[in-house]
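Here the structure is laid out as structure tokens; the discussion comes afterwards.
The values are calculated or read from the model by the stated rules, or taken from the named source; none is laboratory data. Keep in mind that what you see is a predicted model, and the values were worked out from it rather than measured. Because the Cβ atoms are built from the backbone with ideal geometry, glycine has one as well, and the counts that use them run over all protein chains shown. Heads up: the accessible areas ignore ligands, DNA and RNA and are worked out on the full protein's heavy atoms, side chains in. Shrake-Rupley method; radii C 1.70, N 1.55, O 1.52, S 1.80 Å.
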Amino acid sequence: MVAAHVDPPWDPAAWRAAARAALCAALPPEQLDWSGGAQGSLLGGIDLATLPARRTAPRVSSEFLALAGAVLCHRADDRHGLLYRMLWRIAEGERALLQRASDPDVHRATTMAQAVRRDSHKMKAFVRFRAVPGAEEEYVAWFEPDHHIVDRVAPFFARRFAGMRWAIVTPYRTALWDGQALAFAPGGSRGDAPAEDAREDLWRTYYANIFNPARLNPTMMRSEMPQKYWKLLPEAALLPDLMRDAGLRVCAMAEREHQAPRRRIPAAPAPAPVVAGTLDALRESARDCRRCPLWQPATQTVFGEGPSSARTMIVGEQPGDEEDLSGRPFVGPAGRLFARALDELGIDRTTLYLTNAVKHFRFEPRGKRRLHKRPDVAHIEACNGWLRAEIAQVQPERIVCLGASAARAVFGPGVRLTEERGIWRTREDGVRAFATVHPSWVLRQGDPSAQATAYAGFVDDLRQLVTA
């Protein structure tokens, strides 16, 4: 019997490494012991990593890998062995195993994955952050998951609440976000999170006013919001009274005289003026920008950030989905690829001033997703006053334009990115600048080799900042 060690037990990469080694060594499922946990990877002096390879690892479908990622988060002790048994069967020729829903292994794995996904959904719905007393923009939440889902769900909160520092404490694992990167620590207790904060009174007032007694369905409510989570929810204290009085409130609603709706169409707000002064004054003024229609569906204005004395200014196209939610530029997938390129070149991101030609997110809804939509020339022109004010305030020595929209905003109409990519030009104010592709363009190259080539060219363009 050979012990297979997976640490941490819910980590897909750790399980795949152990499963691949065992499979290449041609070890059948009955010869593996996955129950050793942290006690070690040796039984009888045999180490998986030292076993000679007798076969090559098979290729498995992305469907199996997704299933394995969910099943590994389940608390069941036999999950590692179950997945290896399925992997062994696939390697032995049962390529269509996952298509047989009635197979006992497939049925159990699917049931476990469903439980994990439901638990993940509950975590996203019922985590409640509370402000840390005496700390600015720091929040802590307590949650008790049924399964090992913290590592799986934490990236969702990092994207959704990228603009604040937070911690989610669970009995077995703590997720930490410092505004830049995720980290994990041992679990804690409910006392590690504040009992409540001042914002919860406002939330309870709001919840009491939007509660619709005519649509009350206690059975469905307890199914979707089990009572085990009520202790985490500020509004839970109101539920007994709201449910008790629901019948009376419905009767009162039915007996109330009909009132014609009163609709007031607000006057269009005046465009926010570009206020000269500090970057903070510009940022505050831009909060209420109404210079183009993009402010209406967007969450907020995403202004530039960085030191006012920055020697280099980076101008992108517009904020994306994560930037729109967090209020910070270059924190989404394209921003992370840009940060990776800077790291490779040894450029400190905190020394750069980062901004966009357009300050609001333009998108088109596609189901639950918001897909990026390129800004029009009118949007670029409407926002150009803010960009000019940023350049005048920072007074950079050089500007890098990421994408055609940024190049137009910095150089004016007529610039062709394909012809002038990577070529330094001097603006009328004496600032040197060049344009390159936007990192989102690199991400859109579907073929891995094409994406690698595009990324290498992007890094080569940015290398000019090192030699400048």
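Which of the aspartates and glutamates could be linked to Lys124 by a straight reach, that is with a Cα gap under 14 Å, when you skip same-chain ones fewer than 8 residues away?
Within reach: Glu144, Asp146, Asp151, Glu224.
Highest mean first, what order results for 18-31, 438-451 on Cβ atoms within 10 Å?
So the order, starting with the most tightly packed, is 18-31, 438-451.
Summing Lys, Arg as +1 and Asp, Glu as -1, what charge do residues with Cβ under 10 Å from the Cβ of Gly403 carry, Gly403 excluded?
On the way: positive: Arg374, Arg408; negative: Glu317.
Surrounding charge for Gly403 is +1.
Largest first and in whole Å, give the semi-axes of region 94-194's equivalent ellipsoid, each being the square root of 5 times a Cα gyration tensor eigenvalue.
Largest first, region 94-194 gives 33, 14, 10 Å.
State in Å² the accessible area per residue of the chain; use a 1.4 Å probe, count heavy atoms of protein chains only, and round to the nearest integer.
Here the per-residue accessible area is 54 Å².
With n ≥ 4 as the cut-off for DSSP H runs, can you work out [θ] at 222 nm for the chain, using -39500 (n - 2.57) per run divided by the number of residues, rounded to the nearest 500?
-12000 deg cm²/dmol
I need to check one value: relative contact order of region 270-380, counting alpha carbon pairs closer than 8 Å and at least 6 residues apart, in percent.
It comes to 28 percent, rounded to a whole number.
Tally Lys and Arg at +1 and Asp and Glu at -1 over the other residues with C-beta under 15 Å from the C-beta of Glu94: what net charge comes out?
The answer is +1.
In whole percent, and with a 1.4 Å probe on the protein chains, what portion of the accessible area of region 323-362 is carbon and sulfur?
Taking all protein chains in place, region 323-362 shows 51 percent carbon and sulfur surface.
Return a whole-number percent for the relative contact order of the chain, with Cα pairs under 8 Å and 6 or more residues apart as the contact set.
Values: 688 pairs, mean separation 40.3, N = 468.
Relative contact order comes out at 9 percent.
Mind listing the phi-derived Karplus ³J(HN,Hα) values for region 405-411, rounded to whole Hz, using 6.51, -1.76 and 1.60 with θ = phi - 60°, and x for any glycine or proline?
5, 5, 4, 5, 5, 8, 9
Which percentage, to the nearest 5, of the DSSP beta bridges contained in region 91-247 is antiparallel?
On the way: 11 of 16 bridges.
If I count the DSSP bridges inside region 91-247, around 70 percent turn out antiparallel.
Below 15 angstrom from the Cβ of Ala13, what's the summed charge of the other residues (Lys, Arg +1; Asp, Glu -1)? Let's see the in-between values first.
Values: positive: Arg16, Arg20, Arg152; negative: Asp7, Asp11, Asp151.
Overall, the nearby charge balance is 0.
Sort the chain into rounded, prolate or oblate with this rule: let a ≥ b ≥ c be the square roots of the eigenvalues of the Cα gyration tensor; rounded if a/c is under 1.5, and if a/c is not under 1.5, prolate when a/b is larger than b/c, oblate otherwise.
Oblate shape, in that a/c is at least 1.5 and b/c is the bigger or equal ratio.
Relative to the present Cα-Cα distance, how much length would full extension add between Arg283 and Arg427 at 0.36 nm per residue of separation?
Taking Arg283 through Arg427 to full extension adds about 49.4 nm, to one decimal.
Show me, for region 277-293, the HN-Hα J-couplings you get by feeding each phi into the Karplus relation (A = 6.51, B = -1.76, C = 1.60, θ = phi - 60°), rounded to Hz, glycine and proline as x.
Coupling constants for region 277-293: x, 6, 4, 4, 5, 4, 4, 5, 5, 6, 4, 9, 5, 10, 6, 8, x Hz.
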